[in-house]
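The values are calculated or read from the model by the stated rules, or taken from the named source; none is laboratory data. Model, not experiment: these values are computed from the prediction. Cβ coordinates were reconstructed from backbone atoms using ideal geometry, including for glycine residues, and neighbour counts include every protein chain displayed.
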Amino acid sequence: MSNATNYQHSDYPNPSPIKWEEFDHPEDELKTCSSYAATITFENGQTYHGERIIHVDAIRNNLQSHYGYWLQRSLFEIEYGALWQAQRLECIISSPDQAPIWRPVGPSLRIKVMELIRLAEEGESQFRPSRELSALAHIQKNLTTANSQDGLQNSLEQKIVTHIEALCDDWLKYYVFPEFQNDFLGMDVAHFRFNEDVARNVVRQLITAVESMQRFGVSHRDVCLDNIVNIYGQSVALTDFLQSIKVPYENGRRCLIHYDGRSGHPIYCAPEIAAGDENSSYDGHAVDVWSLGVLIFVLVAGIPPWQFAHDHHDRAFYHISRGSLAEVIANSRFEMSSVLVDLLQNMFHRDPRQRLSLQQVKSHPWIEFSLELDPLEVFEEIAGVDGSLRLGDSMELIGQDEINEASLRLGDSIDMLQEALDLDLESSLNIVQGGFDSLELIEGIAMDENI
C-alpha cells in the first residue's frame with residue numbers, strides 16, 4: 001500500500017510534440033596556445049626542468065600580456081584525454097633572446113586535456129565530449145548573461161562547475177576549471193552515512209544547481225554521487241556534463257525528449273530511461289528529480305535503494321516505486337525520518353507525471369526544516385549516550401580513547417567537512433554516524449511478499 005502523499009504535478013510537459021534538439025550554441029571561441037616541455041624559471045630564481053607548459057601568446061590572442069599554465073601532474077584519464085592538476089602562470093619577463101620568467105597566480109586548477117584526432121572520431125557515442133563542450137558553452141553563456149559578475153563567480157554561486165576558459169593548439173584542446181576534489185568532501189559514503197541535517201545542507205546546494213540547469217534549459221541526466229565535487233573547500237557543486245542534453249521548448253512550453261538510449265549511472269537513472277526504447281520519450285526535468293531522490297537516499301542511508309530501476313531486474317525497486325519505502329525503512333538497520341520518507345516516496349513515483357517537480361521538492365518540509373538544536377545535543381542524539389561514536393552496526397559502544405584514535409584517522413576528512421559546510425567539530429562529527437549496511441538487507445526485505 002502506498003504511503004505517498006498525492007501531489008499534483010502541474011509542471012509536466014504536454015504529451016506532444018516529442019523533440020530532440022542539440023545545443024544551439026557552438027563550442028566556446030578557443031584561444032590559441034602552444035604547449036611544450038621546458039624549464040620553468042620563477043622570479044625568485046627557482047627552476048623546474050622538463051616541465052609541460054601551455055603558453056597563451058598575448059599577440060596572437062590580442063591580450064595585454066602573456067600567461068600560461070603549468071601542467072603539474074596527470075590525475076586520471078577521461079574521455080578522449082586526461083585531467084591534469086595545473087597552476088596558472090603570469091609571464092613577467094618575455095623577450096626573443098631571453099627565456100620567460102614566470103610568477104604563479106591564484107590557486108591550483110584542473111585542466112581537461114583532449115586529443116583533437118580522437119574527438120574527430122567520436123561518432124555517435126552517448127559519451128561524446130563535443131556534447132559536453134557544447135553544453136558547457138551553453139551554460140557559460142547563460143551564467144555570464146544572467147548576472148553582471150564574472151562567469152566563474154556566478155557559476156560557483158549557482159553550484160555548477162563550469163570552465164574558466166578554453167584553449168587549443170594544433171593537437172589538443174584544453175578546458176580550464178577551478179580546483180575541485182572528486183571524492184565528495186573527502187568522505188567515502190560506502191563507510192559513513194550522513195546525518196539528515198548535514199545531508200539537507202548538501203541537498204539544498206544541489207537543488208540550486210539543478211534549478212539553475214532547468215532555468216538554462218539543460219537536463220543533466222547523470223546526477224549522482226560521482227558528479228558532486230568540493231570546490232576550494234567551500235561548497236559542493238554539480239559537475240560532468242558529458243551526458244547533458246538540451247531541453248526542447250515550443251511556444252514557451254517544455255516538450256518531451258525523444259529517447260536516445262540509456263544515460264546516467266544505472267542506480268540513479270529514472271525508470272522511463274532504464275526501460276525506454278526507440279518509441280518512448282521522457283521529461284528532462286523529471287529524470288533529474290528522480291536521480292536527486294536516489295542521491296538523497298544514498299547520503300542518508302549509506303547504500304543505494306536498488307541497483308537498477310527496472311521491475312524485472314530489481315525487486316527492491318519494484319516495491320519501493322510502488323509506495324512501500326516506509327515499510328522497507330521500518331525493517332532496515334538504519335533510521336530515516338517520516339518526513340524524509342514522504343519526500344523520497346514522492347520523488348520515486350514511477351509515473352513521472354505524478355513525480356514531484358523540483359519546485360515541490362524545494363518547498364517540501366524536509367528541505368525547508370531549520371535545525372534549532374545545539375550541535376552537541378544533535379551529535380549526542382545521533383551517536384548515542386556517553387557521546388560514543390557508532391562506526392558500524394556491529395560495534396560495541398567505545399570509550400574516549402578509541403574515539404580520539406578514530407578522530408585522528410578521520411582528521412583530514414573532518415577538517416574538509418568543517419571548511420566545506422562551515423560547521424564546528426561537533427556538527428562535522430554528525431557525519432560519522434552509522435555504518436555501511438549491506439545492499440542484501442534492503443533487497444531481502446523488499447522480496448518479502450507481505451510488503
**Asked** Which residue pairs have Cβ atoms under 9 Å apart, sit 6 or more places apart or on different chains, and have a first residue in region 257-277 that is at negative phi and in a loop (DSSP other than H, G, I, E, B) and a second that is crowded, with 23+ Cβ neighbours inside 10 Å and of a type in the set (Phe, Trp, Tyr)?
**Response** TYR259/TYR282; ILE267/TRP306; TYR268/TRP290; CYS269/TRP290; ALA270/TYR282; ALA270/TRP290; GLY276/TYR282
**Request:** Give the residue, chosen from ASP342, ASP351, ASP311, that is modelled with pLDDT of 95 or more and out of contact with any strand residue (DSSP E or B) (no Cβ under 6 Å at 6 or more places or on another chain).
**Result:** ASP342
**Fill in**
All conditions in (1) more than 20 Å from the chain's Cα centre (by Cα); (2) at pLDDT 90 or above are true of GLU278 except (2)
**Fill in**
Across region 240-254, the tally of residues that are closer than 30 Å to ARG110 by Cα and not in a loop (DSSP other than H, G, I, E, B) stands at 2
**Item:** Restricting region 214-233 to residues that are touching a Leu at 6+ places or on another chain (Cβ under 8 Å) and of a type in the set (S, T, N, Q), the residue that is modelled with the lowest pLDDT
**Value:** ASN230
**Request:** For region 67-76, state whether one or more residues are modelled with pLDDT under 85 and either surrounded by fewer than 13 Cβ atoms within 10 Å (Cβ to Cβ) or of a type in the set (D, E, K, R) (or both).
**Result:** no
**Message:** of a type outside the set (Gly, Ala, Ser) and either more than 26 Å from HIS220 (Cα to Cα) or at pLDDT 85 or above (or both): is that true of GLU90 in this structure?
**Reply:** yes
**Item:** Selection within region 153-190 - assigned to a loop (DSSP other than H, G, I, E, B), modelled with pLDDT of 80 or more and not acidic (Asp, Glu)
**Value:** GLN158, LYS159, VAL161, THR162, HIS163, ILE164, TRP171
